[in-house]
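Readers should treat all values here as calculations from the given coordinates under stated rules, not as data from a laboratory. What you are looking at is a predicted structure, and each value in this text was computed from that prediction instead of being measured. Note that each Cβ is placed from the backbone with ideal geometry, even for glycine, and that neighbours are counted across all protein chains shown.
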Amino acid sequence: SDQRPVVLIPGRIHPRVRERAEAEFDAVFIDAADAALIDAQTRSRVKGIAAMTTVSADFIDALPNLAIIANFGVGYDAVDAPHAASRGIMVTNTPDVLSDEVADTTVGLLLNTLRELPKAETYLRAGRWAKEGPYRLTPLTLRGRTIGVFGLGRIGLAIARRLEAFGVGIHYHTRTRRTDVDYPWHETLAGMAKAVDTLIVVVPGGPATDKAVNADILDALGPDGVLINVGRGSTVDETALIAALTERRIAAAGLDVFANEPHVQQALIDLPNACLLPHVASASVSTRNAMADLVVDNLAAWLAGGAAITAVPECAALNRKPE
Ligand code: NDP
């Protein structure tokens, strides 16, 4: 029989992960991370998981010889990492290789939201320029704005560095103040929201940030306020956001992530002052290939007895020393 380690792939995965997993491991594909979809013998043989879907404590507990969960994506809020760590199971993610791409996309989304560029293009394509004259002057601009970055980590810092070139003010909120930057730090999100007019959300999802951007935070941005979310949909109270946009208590929002993906509330789609993207911040061929390689390289390293390349913080203490 196949002596290579069994790696389970539940749900959709990047084709490069699929191809490399088939070449390098005994790959088993199932439709979802549901233990009922695999027989008891296969369950006991699974050593690794490559996933971009929910991996629950129950699913982890159904796999007695599981050694590693390699998450496709830097955000691993869908994986129960504390539970995996408590069972001695490594969890890895894909940091750094996507930071510049996501930061580029965030700047694009910010400009599209302020300057209505997607709508202006739609106007041209509909033949309205020739018939009706120039597209309207946009009420919003990046000029003169002060930006608050909620989450100044790998991606947040890449966004801030880009925004320096735009000559805007940059503030940030994290739990721990960084010693390597001199942007003004705010101990609370509410405090930062009062000091800025543009909020860029790039914190991880999960319970610590659940609905952190609520009606009070949005109101603190003021009527010229703009919200950009490239972190996770769970971090924004979407009902409060729709109300704030409808009542023009803030001016506009640009969103790459949503509460219930891929389902986007019709109320958001109907709003003229929302600029919406289908979770594409890292979605170029080259960046997704780099993420795919990091997923498989983590599996290969750990299953061969080596150090995981990018262990999540919850599993750092489990990691082996690099050779
Ligand atoms: P990092 O871990 O490098 O950065 C996270 C930042 O958030 C840190 O500055 C951290 O600082 C801060 N933070 C975390 N929790 C809180 C909290 N409760 N309150 C305030 N600040 C907090 O992650 P990355 O920059 O690599 O990625 C960030 C997130 O972006 C990912 O987790 C993912 O969800 C999302 N993402 C979205 C993508 C998309 O396609 N739209 C693509 C890639 C990532 P501190 O710990 O000091 O609080």
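Taken together, the criteria exclude Arg115 from residues that are more than 30 Å from Asp224 (Cα to Cα) and among the charged types (D, E, K, R).
If you go through segment 163-208 and keep only what is within 11 Å of the ligand (Cβ to nearest atom), in a loop (DSSP other than H, G, I, E, B) and either among the charged types (D, E, K, R) or touching a strand residue (DSSP E or B) at 6+ places or on another chain (Cβ under 6 Å) (or both), you end up with Arg175, Arg177, Arg178, Glu187, Val203.
Please go through segment 235-273 and give me each residue that is among the polar types (S, T, N, Q) and out of contact with any Pro (no Cβ under 9 Å at 6 or more places or on another chain), ordered by number. Passing the criteria: Thr239, Thr246, Asn260, Gln265, Gln266, Asn273. When we screen Arg154, Arg87 for residues that are under 30 Å from Gly305 (Cα atoms) and in contact with a Pro (Cβ under 9 Å, 6 or more places away or on another chain), the only hit is Arg154.
Residue by residue, here is whether (1) away from the ligand (no atom under 16 Å from the Cβ); (2) in a helix (DSSP H, G or I); (3) hydroxyl-bearing (Ser, Thr, Tyr) holds:
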position: Asp224; (1), (2), (3): yes, no, no
position: Ser234; (1), (2), (3): no, yes, yes
position: Thr239; (1), (2), (3): yes, yes, yes
position: Ala244; (1), (2), (3): yes, yes, no
position: Ile250; (1), (2), (3): yes, no, no
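Scanning segment 53-74 for residues that are within 16 Å of the ligand (Cβ to nearest atom), in a loop (DSSP other than H, G, I, E, B) and surrounded by 21 or more Cβ atoms within 10 Å (Cβ to Cβ) returns Phe72, Val74. Looking only at residues in segment 225-269 that are among the small types (Gly, Ala, Ser) and surrounded by 20 or more Cβ atoms within 10 Å (Cβ to Cβ), the one that is nearest to Leu109 (Cα to Cα) is Gly254. If you filter segment 145-183 down to residues that are out of contact with any helix residue (DSSP H, G or I) (no Cβ under 6 Å at 6 or more places or on another chain) and among the basic types (Lys, Arg), you find that the one that is nearest to Arg115 (Cα to Cα) is Arg145.
Filter segment 296-316 down to the residues that are without any contact (Cβ under 8 Å) to a residue 12 or more places away in the chain and closer than 20 Å to Arg87 by Cβ, then identify the one that is farthest from the ligand (Cβ to nearest atom). Top of the filtered list is Ala301. Taken together, Asp219, Asp293 contain a single residue that is closer than 28 Å to Thr176 by Cα, away from the ligand (no atom under 15 Å from the Cβ) and not in a loop (DSSP other than H, G, I, E, B), which is Asp219.
Selection of segment 252-267 for residues being among the hydrophobic types (A, V, I, L, M, F, W, C) and away from the ligand (no atom under 16 Å from the Cβ) yields Ala252, Ala267. The numbered conditions (1) touching a Leu at 6+ places or on another chain (Cβ under 8 Å); (2) over 24 Å from Val230 (Cα atoms) are all true for Leu66 except (1). Among the residues of segment 79-107, those that are over 16 Å from the mean Cα position of the chain (by Cα), surrounded by fewer than 19 Cβ atoms within 10 Å (Cβ to Cβ) and not in a loop (DSSP other than H, G, I, E, B) comprise Pro82, His83, Ser86.
Conditions (1) hydrophobic (A, V, I, L, M, F, W, C); (2) within 16 Å of the ligand (Cβ to nearest atom); (3) over 29 Å from the mean Cα position of the chain (by Cα), marked per residue:
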residue	(1), (2), (3)
Glu116	no, no, no
Lys119	no, no, no
Gly127	no, no, yes
Ala130	yes, no, yes
Leu137	yes, no, yes
Thr141	no, no, no
Gly153	no, yes, no
Arg161	no, yes, no
